[in-house]
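Some notes on the structure that comes next.
Coordinate-derived values only; no laboratory data. Since the model is a prediction, treat every value here as computed from it, not as a measurement. Cβ sites come from the backbone with ideal geometry, for glycine too, and all protein chains shown count toward neighbours.
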Amino acid sequence: MTEEREPALLEAAGLVKRYAAKKRVRNPENGKWENAWVQAVDNVSFSLEERETLGIVGESGCGKSTLARCIMKLTPLSGGKLLFRGREVSGMSQREFRELRPKIQMVFQNPYSSFNPKLTLGRSLKTVGKAVGIAPGEYRERLGKLLEYTGLAEEMLERHPGQLSGGQLQRFALLRALLPQPELLVADEPVSALDVSVQAQILGLLLDLRERLALTMLFISHDLSVVRHVCGRVMVMYLGTVVETAETEELFSHPLHPYTQALIAAAPREYPGQEKERVLLGGEIPNAMEMPTGCRFHPRCPRCVPGMCDQVSPEWRERGAGHFVACHLVGE
Ligand code: SF4
């Protein structure tokens, strides 16, 4: 008898997000002027197992935050399938998704813009408790525990967001996300808007909460040293597509894609005297309305082979256990 495999906590298959832009561009194939589309996420697939932390990295504009918003159903997908514990959520209406919403929560980059400035923190949290249907006794118990775990004093519940520091408010943002007892936490650049001095504290808290509450995380960041510290596996995105994915240590010790190599080379040294090979990237990130032909990275790639890279999209191939990359030259 074959044992049935448990579905992954989250499974994404060929996710696509397109926006109509207020601009017309010439179609390079037929020379006609057409409405422009921004291809923010293009054919992104991955799976996330229970208790795993998957990092998504790339420069700003690579589509990582749009991908997070699609997963949260804050913006509709244009294509592809998203499954949570084997249930398809991509086709669900907001009403159908309401039952699952407590299980998938998000922490945003800027804690000041993620709370209503007119409400005390206590009121904001109560609103969440009511929205997800937590009974009053249960609510008090959960809140007490989470205040303790996040190191926040109860009297702070009487304050307004503007009366707290960025670090304190991000602790409240974490508390709010954890109140519904989620199984998946999507953290979108959770420390990048904070002072450097408090970034390490919030990261430490996030790791502590992940262990205590057995969380699965999707961790989005442009900061590779943070991703290396937090994630077990990493997915590198460029202009809406995934160009490489591997276990974290494998990716950092053997990056195969020229873009990953450049990102790692550009990251600050983790210790004094660390040797790094410099990989210089040419040019700017192309305009997402006028996607480069062939490999999207070719206009900036130091290893671009004219006639091939600018014309043919590289295939997604496995180059070692769990190490996948999309580049014509890898393995040649
Ligand atoms: Fe560079 Fe060509 Fe590889 Fe793209 S396919 S990353 S242009 S070498």
Q.
Compute the orientation-averaged projected area for region 1-113 from the convex hull of its Cα atoms and round it to one decimal in nm².
A. 11.1
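How many times 2.2 N^0.38 Å is the alpha carbon radius of gyration of the chain? Mind dumping the intermediate values first?
Working: Rg = 21.3 Å, N = 332, 2.2 N^0.38 = 20.0 Å.
Ratio of Rg to 2.2 N^0.38 Å for the chain: 1.07.
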Q.
Given Cα positions, please report Rg to Rh for region 117-161, the hydrodynamic radius being the Kirkwood one.
A. 0.96
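Would you list the membrane-span-like helices of the chain, meaning whole DSSP H runs whose alpha-carbon atoms span at least 20 Å along their axis and whose mean Kyte-Doolittle value is at least 0.5? Don't skip to the end; give the middle numbers.
Working: long enough: 136-150 (21 Å, -1.18); 196-213 (26 Å, 0.74).
What comes out of the filter, once short or polar helices are dropped, is 196-213.
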Q: Starting at the first residue of region 181-194, write each ³J(HN,Hα) from the Karplus equation 6.51 cos²θ - 1.76 cosθ + 1.60 with θ = phi - 60°, in whole Hz, x for Gly and Pro.
A: 6, x, 9, 10, 10, 9, 10, 9, 6, x, 10, 6, 8, 9
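For region 1-40, compute the orientation-averaged projected area of the C-alpha convex hull (one quarter of its surface), in nm².
Values: hull surface 21.8 nm².
If you wrap the Cα atoms of region 1-40 in a convex hull and average its projections, you get 5.5 nm².
From the gyration tensor of the Cα coordinates in region 193-232, what semi-axes in whole Å does the equivalent ellipsoid have, largest first, with each one equal to sqrt(5λ)? It would help to have the intermediate numbers written out before the result.
Values: eigenvalues 60, 36, 12 Å².
They are 17, 13, 8 Å, listed largest first.
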Q) What residues qualify as long-range amide H neighbours of Val107, i.e. H under 5 Å apart, gap of 5 or more or another chain, H built at 1.01 Å from N? A) Val186, Ala187, Asp188
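Restricting to Cα atoms and excluding each atom paired with itself, what does the Kirkwood estimate give for region 144-220 in Å?
Numbers: mean 1/r = 0.0777 Å⁻¹.
That comes to 12.9 Å for region 144-220.
To make sure I understand, if each residue's beta carbon is the centre and we count other beta carbons within 10 Å, what order do Trp316, Trp33 fall in, fewest to most?
Fewest-to-most ranking of Trp316, Trp33: Trp33, Trp316.
Just how large is the dipole of region 91-132 about the Cα centre, in debye to the nearest 20, putting +1 at every Lys and Arg Cβ and -1 at every Asp and Glu Cβ?
On the way: 8 positive and 2 negative charges, 38 e Å.
The calculation lands at about 180 debye.
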Q. Hey, with R₀ at 22 Å, roughly what FRET efficiency would Leu213 and Arg85 work out to, going by the Cβ-Cβ distance, to 0.05?
A. 0.80
(Q) Limiting things to C-alpha atoms, what are the Rg and the maximum Cα-Cα separation (Dmax) for region 88-208, in angstroms? (A) 14.4, 43
Q. Could you give the length gained on full extension between Asn30 and Glu59, defined as 0.36 nm per residue of separation minus the Cα-Cα distance, in nm?
A. 7.3 nm
Q) Does anything in region 155-196 have its amide N under 18 Å from the 7 Å Cα→Cβ label point of Lys118, and if so which residues? A) 159-163
Q. Pulled fully out, how much extra length does the chain show between Leu100 and Glu4, if you take 0.36 nm times their separation in residues and subtract their Cα-Cα distance?
A. 32.2 nm
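Once the Cβ-Cβ distance between Thr127 and Gln181 is put in as r, and R0 is 22 Å, what FRET efficiency do you end up with, to the nearest 0.05? Kindly include the intermediate steps, with their values, before the conclusion.
Details: r = 17 Å, r/R0 = 0.76.
According to the calculation, E is roughly 0.85.
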**Q.** Computed [θ] at 222 nm, deg cm²/dmol, the chain (DSSP H ≥ 4; -39,500 (n - 2.57); rounded to nearest 500)
**A.** -8000 deg cm²/dmol
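Suppose R0 equals 22 Å; then what is the FRET efficiency for Ala153 and Ser192 from their Cβ-Cβ distance, rounded to the nearest 0.05? Intermediate values should be presented prior to the final figure.
Numbers: r = 26 Å, r/R0 = 1.18.
Once rounded, the FRET efficiency stands at 0.25.
In what sequence do Asp42, Asp223 fall when counting other Cβ within 10 Å, fewest first? Walk me through the intermediate numbers first.
On the way: Asp42 22, Asp223 17.
In order of increasing Cβ crowding within 10 Å: Asp223, Asp42.
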(Q) Cut-off is 10 Å between beta-carbons; in what order do Tyr238, Tyr112, Tyr259 appear when sorted fewest neighbours first? (A) Tyr112, Tyr238, Tyr259
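With 22 Å as the limit, write out which pairs from Lys118/Lys145; Lys64/Lys126; Lys64/Lys130; Lys17/Lys130; Lys103/Lys145; Lys73/Lys145 have Cα-Cα distances beyond it, or answer none.
On the way: Lys118/Lys145 25 Å; Lys64/Lys126 30 Å; Lys64/Lys130 31 Å; Lys17/Lys130 32 Å; Lys103/Lys145 18 Å; Lys73/Lys145 29 Å.
Pairs exceeding 22 Å: Lys118/Lys145; Lys64/Lys126; Lys64/Lys130; Lys17/Lys130; Lys73/Lys145.
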